[in-house]
1. Could you pull out every one of the strands (runs of 3 or more DSSP E) wholly within the stretch 217-290 that has 3 or more residues that are over 23 Å from S149 (Cβ atoms) and in contact (Cβ under 8 Å) with a residue 60 or more places away in the chain?
2. Only one residue in S149, S145 is surrounded by fewer than 13 Cβ atoms within 10 Å (Cβ to Cβ), of a type in the set (S, T, Y) and either free of Cβ contacts under 8 Å to residues at least 40 places away in the same chain or in contact with a His (Cβ under 6 Å, 6 or more places away or on another chain) (or both), so which one is that?
3. Would you confirm whether any residue within the stretch 190-209 is farther than 19 Å from K39 by Cβ, under 18 Å from the mean Cα position of the chain (by Cα) and surrounded by fewer than 23 Cβ atoms within 10 Å (Cβ to Cβ)?
4. Which number in (1) of a type outside the set (F, W, Y); (2) buried (at least 18 other Cβ atoms within 10 Å of the Cβ); (3) touching a residue at least 60 places away in the same chain (Cβ under 8 Å) marks the one condition that A154 misses?
5. Do we find a residue being charged (D, E, K, R), within 24 Å of C47 (Cα to Cα) and touching a strand residue (DSSP E or B) at 6+ places or on another chain (Cβ under 6 Å) anywhere in the stretch 268-288?
6. Only residues that are acidic (D, E) and over 27 Å from Y185 (Cβ atoms): list them for the stretch 242-261, please.
7. Which of the residues that make up the stretch 246-270 are over 15 Å from the mean Cα position of the chain (by Cα) and closer than 17 Å to G138 by Cβ?
Amino acid sequence: MPLKPKNAALVFAAVLTAVGAALIFAQKHDPQTAAVHKKLFAMDTICDISVYPAKSGDEQAEKTADSCAELIQQLDGKFSAYYEQSDIYRLNSGEALIPDKDTAEIISLSAKLTKLYPDADCSCGALTKLWNVTERTGDQPLPDSEQISEALSAVGQENIIFAGDGSISLKKGTRLDLGCCAKGYALDKVKQTVGDECMVISFGSSLLLNGSKPDGEKFNIQVADPENTASAALTLHLDECFLSTSGGYERYFEYDGKKYCHILDLSTGYPAESDIISATVITKDSGIKSDMLSTCVFIGGTKKLDGYLADEDISVIAIDKNKLVYCSDNIKNNVETANDSYKFADHVPLTAQ
């Protein structure tokens, strides 16, 4: 990865070429059930759609791929903080409005999840705008404490006002940034529309594995090696599910010899400094939950890891700075190392308990 950030499209195109971003779908080629592939740029990254026909010559796969791409593009337009016609842009500009159904739903769902998992909060837009990690260059000075304090004062679900008439407004200079939840929500919406068709929808760091593979085997997913994204650290063998991976190695900038990642710690206002280098969360029923929780696991580090590992409703796979791999009991048998430098840990470190 470059030491300085580039245009988001270029960054993720490079990552996709190298390793498929944080997660890779590894499918054996079967000429009888070759997938229909679609690629598009959405949610600030490359989205790859792979639909596997039930049999050779089945035209339904093509139609499904097209409809999924159209849905994702529509949601991307709705959730963009930069498209002047989107509800998010208008809310951030100070308007009170009755938003589109999907926009209202994602704000409401993310708000509910933030109450349970406060390390991921869509009201953090003022802080992400201040740091602007993707576009910041190494010669730009860091925000000062006064700027950070002011941005932090605008973060909080209490600043999102849901009125009885269905309108939403923001107060105290709050800005919405759906980066912690938009990909997962989009995967949820795709899942609701495609039924049991076999497909993989990948945003690089967030995936939907849907249906059953034509060969009857599990989906093989590789988690990128944070130190060398051209190779894999882990291979996961999974049935249909949602999964998301967070880490500080994909987007960052370097200033005065120190790296600052794009994931912000809302307790400090600074880019997160975690002893976890890769956090993967798998859920059966919620893409938005896997998306937000992978951020929370990363920020929480090993000090909070035992709580996430004990949660029976999710599966967690985390890699720490010592290249030790921690897995929830319900996923251990489906994870293997793809790199000899990574070893499984027997338990959460004593320092984390």
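The values are calculated or read from the model by the stated rules, or taken from the named source; none is laboratory data. In this text, all values refer to a predicted model and were calculated from it rather than measured experimentally. Glycine gets a Cβ as well: all are built from the backbone with ideal geometry, and neighbour counts include every protein chain shown.
1. It comes to 219-225, 228-238, 241-246.
2. From the options S149, S145, the qualifying one is S145.
3. The answer is yes; a qualifying residue exists.
4. That leaves (3) as the condition not met.
5. For the stretch 268-288, residues charged (D, E, K, R), within 24 Å of C47 (Cα to Cα) and touching a strand residue (DSSP E or B) at 6+ places or on another chain (Cβ under 6 Å): present.
6. Within the stretch 242-261, E254, D256 meet the criteria.
7. Y252, F253, E254, Y255, D256, G257, K258, K259, Y260, Y270
Each row is one residue, and each column tells you yes or no for (1) of a type in the set (D, E, K, R); (2) at pLDDT 55 or above; (3) over 17 Å from the mean Cα position of the chain (by Cα); (4) assigned to a loop (DSSP other than H, G, I, E, B).
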site: L3; (1), (2), (3), (4): no, no, yes, yes
site: L10; (1), (2), (3), (4): no, no, yes, no
site: L16; (1), (2), (3), (4): no, no, no, no
site: G20; (1), (2), (3), (4): no, no, no, yes
site: Q32; (1), (2), (3), (4): no, no, yes, no
site: K39; (1), (2), (3), (4): yes, yes, yes, no
site: S67; (1), (2), (3), (4): no, yes, yes, no
site: Q74; (1), (2), (3), (4): no, yes, yes, no
site: Y83; (1), (2), (3), (4): no, yes, yes, yes
